[in-house]
Amino acid sequence: MLLAVTEDDDGRESLEQVKGLLYPLRDQLERTIQNSPCEKNLNRKLREINTRHGRMSRQATLKKMAELQTSIDAWEGKDIAQCCNEFVLEGDLMKLGPTSKRQTDRHVFLFDGLIVLCKSNNRRSSVTGQ
């Protein structure tokens with residue numbers, strides 16, 4: 001839920017890191033539940049929590065996909081949400097030309113079914129899809 005309302009990139013990145021750190025705790029809880037006399041009730045509660053988290057996480061992902069797509073000039077093709085289910089990572093990288101050693105800055109968005117490379121558009125404050 002926090003990811004859906006966090007507008008700051010650093011804040012979202014921190015929350016994603018925390019989310020990754022919580023997965024081992026979840027796994028440990030699942031192992032503990034298996035050895036508990038209350039296993040049936042605890043499993044039901046854990047499923048409820050996972051279902052609720054999945055809905056919120058999917059909503060945040062869809063929102064991020066829509067925001068990204070609208071920020072890219074001249075987007076062609078299917079909507080990102082039609083070919084991807086999960087946002088994985090974003091960051092800056094340097095792209096080398098095919099024949100020259102000239103480097104160009106790119107911002108990359110990695111999804112489970114798509115990678116989007118963007119370059120700055122100096123004429124406007126958006127990015128252009130590559």
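Taken together, the values in this text are just the output of simple stated rules run on the coordinates, not laboratory data. Since the structure is predicted, the reported quantities are computational estimates derived from the model, not experimental observations. Glycine also receives a Cβ, built like all others from the backbone with ideal geometry; neighbour counts cover every protein chain displayed.
Label residue 44 and residue 74 with points 7 Å out from Cα along Cα→Cβ: what is the distance between them in nm?
Going from the residue 44 label point to the residue 74 one covers 5.8 nm.
Pairs 19/64; 19/78; 19/45; 78/119: which exceed 26 Å Cα-Cα?
Details: 19/64 17 Å; 19/78 29 Å; 19/45 19 Å; 78/119 20 Å.
Those over the limit are 19/78.
Among 25, 107, 120, flag the residue with its Cα farthest along the positive direction of the charge dipole of segment 2-129, charges on Cβ as +1 for Lys/Arg and -1 for Asp/Glu.
25
Would you mind working out the magnitude of the charge dipole of segment 2-129 relative to its Cα centre, with +1 at each Lys and Arg C-beta and -1 at each Asp and Glu C-beta, to the nearest 20 Debye?
260 debye
Based on Cα positions only, what radius of gyration and what Dmax would you give for segment 2-129, in angstroms?
When restricted to the Cα atoms of segment 2-129, Rg and Dmax are 19.4, 66 Å.
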